[in-house]
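Notes to accompany the following structure.
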Amino acid sequence: MAFNTKTQNKQQPDLISNRVSSIAPSGIRRFFDLLASMDDVISLGIGEPDYPTPYHVREAAISSIEKGYTNYTSNSGMPELRQELSVYLEKLYNLDYNPENQILVTVGVSEGMDLAARALLNPGDEVLIPDPCYVSYAPCVVLSGGQPVMIPTCEENRFEISAETVESLITDKTRAIILGYPANPTGAVMPREKLLEVAELACRHDLIVISDEIYSQLVYEGEHTCVATLPGMKDRTVFLGGFSKAYAMTGWRIGYAVANEHIIGAMTKIHQYTIMSAPTMSQVAAIEALKNGEESAAEMVADYDRRRLIMVKGLCDIGLSCFKPQGAFYAFPSVKNTGMTSEEFAQKLLIEEKVAVVPGNAFGRCGEGYVRCCYATSLKELHKALERMEAFINRYKARN
Amino acid sequence: MLNQVLRLLEDDGRLTPAQIATMLNTSESEIEKLISKAEEGGLILKYKAVVNWDKLEEEQVWAIIEVKVTPQMKAGFDAIAERIYHFPEARTVMLVSGAYDFAVVVTARNLHEVSNFVTHKLAPIEGVQGTTTHFLLKRYKEDGVILNDSGDSRRQKVVL
């Protein structure tokens, strides 16, 4: 459901380009109208931290505004921020990126994904994308003239992609693979050895990997492997990162892309014509987050982990089997044993118990039968939501 | 582990051992053991609510009193502190560095009660040289909780 060929704007089909008409609005957005009219809803549908940005980060931005730092920055982003990013990537992954021409500061990973797709794809190029996945990947590919090809994943394989499946989908038109691990909506983390197999395929078939690693710091079990660190991958990886999730900075719209200078050069070309430069105050905030934010980020991560364990146990206790997420801040329980589709479940739960979850099919065909529950919400709310869900499930059990 | 349990309880004293056990990925009995040990050993003193008294119409007066003392031979500050902290009016008693020695937080029903406490109970204590009373005008943050925070969610109900 992340994309399909349904034609929107039926009244005036000529007004809107075929390309844009060919993509459906996000499946998540459909709940918006229904939700907006309701009070007392507990929303597990929000894909962002419940914390405000750490105060020292806000303070840094406020003080820069007071001092009048309100101009454009260099197209690629403030030199100091690119320098800090380069140090950060070196320290964290032992990756050496030149701040001069291999790092681009973007308006979140969202922009980075769009730029990467537009910079790399020719009409008809195929891009392999895990299913289920974050809702924007396939539309970004379509908007760039590419053709998304979904890589099915399943709970039995912990929502990891297998090299075997990937290889079976590679054609002579395949240009790139988009990866998004730790994964939204499943919370899956790709283990290093499985990622190595995929990387080996990418090298063998000369594919680019666009890796959305926005949740890289939110890993509770296992370890996050940065795709660019794998043998042969640094030169063929577009590594997208950001501050939104780990530093609770969603509203600042700030992220970065790193890759070889040819790709970053091409992405910068689009960025300078369409965006100019990422918001200046957000860049200042990002510098502060990189320099002094580690402690506050670690506290939040520890807190998400505790909520994760409460959420998974809670879901299992009320009778929904749930893959144990290892990263991000989503639980992705199966609702198959209720006999309802994802959408039915989500809609009825919202109307009857005022708990908002996102139907799994919004993230792709393989998400059918699941719902996404974001646990980045207070424990009090989580407990209340679980109680309401329990009442809902018991009621349906009694009926069946 | 003990440290994490204490932090969780300090933030929310109503968490059950079962909940804490789930959050810290351990058994309920393990947590129960830790908590009873902490309670018995005086590490956890008491569980209480953080109350926003300003929301109650009832009159209540809070004061912070600076107390300057002459330490007594042998017993030092502790003996004077003891004479102060036994008064139920003294909610908190701390020895501090700086221009005065003890900071005493006092709650009472009205100004008169506070002044009564200072003039009749606190000032006459042997060794007390002088006091300065600061009446509390407005409270902004209590035990880590911002009091005028509406708690309204700043988040959209659903985002991409």
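Each Lys or Arg adds one and each Asp or Glu subtracts one; over the other residues with Cβ under 10 Å from the Cβ of residue A:137, this totals -2. Rounded to the nearest 20 debye, the dipole size of the stretch B:1-93 about its Cα centre is 360 debye, using +1 on the Cβ of Lys and Arg and -1 on the Cβ of Asp and Glu. Exposure here means at most 12 other Cβ atoms within 10 Å; with chymotrypsin sites (Phe, Trp or Tyr not before Pro) in a DSSP loop as sites, the longest stretch of chain B lacking them is B:48-139. Summarising the strand pairing of the protein assembly as shown, around 65 percent of its internal DSSP beta bridges are antiparallel.
Rolling a 1.4 angstrom probe over the protein heavy atoms with all chains in place gives the protein assembly as shown an accessible area of 49 Å² per residue. When the pairs A:380/B:138; A:313/A:336; A:291/B:157; A:291/A:380; A:313/A:380 are compared against a 27 Å limit on Cα-Cα distance, A:380/B:138; A:291/B:157; A:291/A:380 fall above it. In straight-distance terms, cross-link reach from residue B:37 covers every one of the lysines whose alpha-carbon lies under 24 Å from its own, apart from those fewer than eight places away in the same chain; here that gives B:46, B:48. Ordering A:196, A:304, A:230 by the projection of their Cα atoms onto the charge dipole of the stretch A:191-314, which places +1 on the Cβ of Lys and Arg and -1 on the Cβ of Asp and Glu, puts A:304 at the extreme positive end. Rounded to whole numbers, the Karplus 3J(HN,Hα) couplings from phi for the stretch A:215-232 are 9, 4, 7, 9, 10, 10, 9, x, 9, 7, 10, 7, 4, 5, 7, 7, x, x Hz, using 6.51 cos²θ - 1.76 cosθ + 1.60 with θ = phi - 60°, and x at Gly and Pro. For the stretch B:101-160, GluC sites (Glu not before Pro) meeting the loop criterion (DSSP other than H, G, I, E, B) and having at most 16 other Cβ atoms within 10 Å: B:126. For the protein assembly as shown, build the charge dipole from Cβ charges (+1 Lys, Arg; -1 Asp, Glu) around the Cα centre, then report which of A:271, A:260, A:22 sits farthest towards its positive end. Checking the options against the dipole of the protein assembly as shown, the answer is A:22.
Taking the average, over residues, of other Cβ atoms within 10 Å as the packing measure, peptides A:222-229, A:392-399 rank A:222-229, A:392-399 from highest down. Identify the residues of the stretch A:350-387 with backbone N under 15 Å of a label point that sits 7 angstrom from the Cα of residue A:321 along the Cα-to-Cβ direction, or state none. Those under the cut-off are A:369-371. Which aspartates and glutamates does residue A:194 reach when only Cα atoms under 14 Å apart count, and residues fewer than 8 places away in its own chain are ignored? Answer for residue A:194, where 14 Å is the Cα cut-off: A:160, A:164, A:167, A:223, listed by chain and number. Taking a straight Cα-Cα cut-off under 20 Å and skipping sequence neighbours fewer than 8 places away in the same chain, the lysines within cross-link reach of residue B:121 are B:68.
For a test of the definition: using alpha carbon positions, the gyration tensor, and the 1.5 limit on a/c, classify the stretch A:188-258 as rounded, prolate or oblate. Since a/c reaches 1.5 but b/c is at least a/b, the shape of the stretch A:188-258 is classed as oblate.
Oblate is the label for the stretch B:97-151, because the ratio a/c of its alpha-carbon gyration tensor axes (a ≥ b ≥ c) is 1.5 or higher and a/b is not greater than b/c. With the cut-off at under 15 Å, measuring from each backbone N in the stretch B:38-76 to a point 7 Å along the Cα-to-Cβ line of residue B:112 picks out B:59-61.
Per residue, the Cα convex hull of the protein assembly as shown amounts to 211 Å³. Would you please classify the overall shape of the stretch B:4-58 from the alpha carbon gyration tensor, given that a ≥ b ≥ c denote the square roots of the eigenvalues, rounded means a/c under 1.5, and beyond that prolate means a/b larger than b/c while oblate covers the rest? Cα axes put the stretch B:4-58 in the prolate bin.
Give the percent of DSSP beta bridges with both residues in the stretch A:67-293 that are antiparallel, rounded to the nearest 5. Percent antiparallel among DSSP bridges in the stretch A:67-293 is about 30. For residue A:171 and residue A:221, the FRET efficiency from 1/(1 + (r/R0)^6), where r spans their Cβ atoms and R0 equals 41 Å, is about 0.70. The angle separating the long axis of helix B:76-85 from the principal Cα axis of greatest extent in chain B is about 70 degrees.
The values are calculated or read from the model by the stated rules, or taken from the named source; none is laboratory data. Worth saying up front: this structure is predicted, and the values here are computed from it rather than measured. Neighbour counts are summed over all protein chains in view; Cβ atoms, including those assigned to glycine, are modelled from backbone coordinates with ideal geometry. Remember, those area values only see protein heavy atoms, side chains included, never the ligands or the DNA or RNA. Shrake-Rupley method; radii C 1.70, N 1.55, O 1.52, S 1.80 Å.
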